[in-house]
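Have a look at the structure below, then the notes.
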Amino acid sequence: MNCLFFFIFLISFLLSQSPTLSFHLYFCWRFRVHIINNLSLNNLVIDCISADDDLGRHELWWGEEFTFKIGQRPIGDTRVVCNVTKFGSNHITSINVFTNGFADDHCCKTRQCYWSARDDAIYFSNNNKNWNRWYNWTLV
């Protein structure tokens, strides 16, 4: 019993000394991923899969978005890969919309990962305001 009390005390003390560690452990393990169709002329077809789930095939009209919640695994990597296609064209790309490392580095602050399919590329944002070009379309 004394060992358990000491362990809980030690963990509590360490967390109180590190706000970033505390924030990460308590708030940075559940996320919402958004995939938005911002193509000017095409529908967007997405097909997403993880090791545990097939999130299905979705066709999005302009302005529509597909969202899902995801949590990081405590052990191992959580990864969701989506094949993204401009409907009716031969533009396609495969993107990692979520991995533990990516989420820790880019999505932890807001717990949101936004992906926007545009005519020239796929863009990323963690706040739906500041966008960075992330993936290029591939011709097949």
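Just so it is clear, none of the values below were taken in a lab; they were calculated from the coordinates. Only a predicted model underlies this, so the values are computations on that prediction, with no experimental measurement involved. For neighbour counting, all protein chains shown are included, and Cβ atoms are generated from backbone atoms with ideal geometry for every residue, glycine included.
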For the pair N83 and N132, the simple spin-label estimate (label points 7 Å beyond Cα toward Cβ) gives in nm 2.8 nm
Given H placed on each backbone N at 1.01 Å, which residues far from R79 in sequence or on other chains put an amide H within less than 5 Å of it? A51
Volume of the Cα convex hull of the stretch 39-140, divided per residue and given in Å³: 103 Å³
Karplus (6.51, -1.76, 1.60) ³J(HN,Hα), θ = phi - 60°, over the stretch 79-93, in Hz, Gly and Pro reported as x: 9, 10, 10, 10, 8, 10, 10, 6, 4, x, 9, 9, 9, 8, 7
Any chance you could run the full-extension gain for T110 through W62? It's 0.36 nm times the residue separation minus the Cα-Cα distance, nm to one decimal. 14.8 nm
Full-extension gain in nm, D120 to L139, via 0.36 nm per residue minus C-alpha separation: 5.6 nm
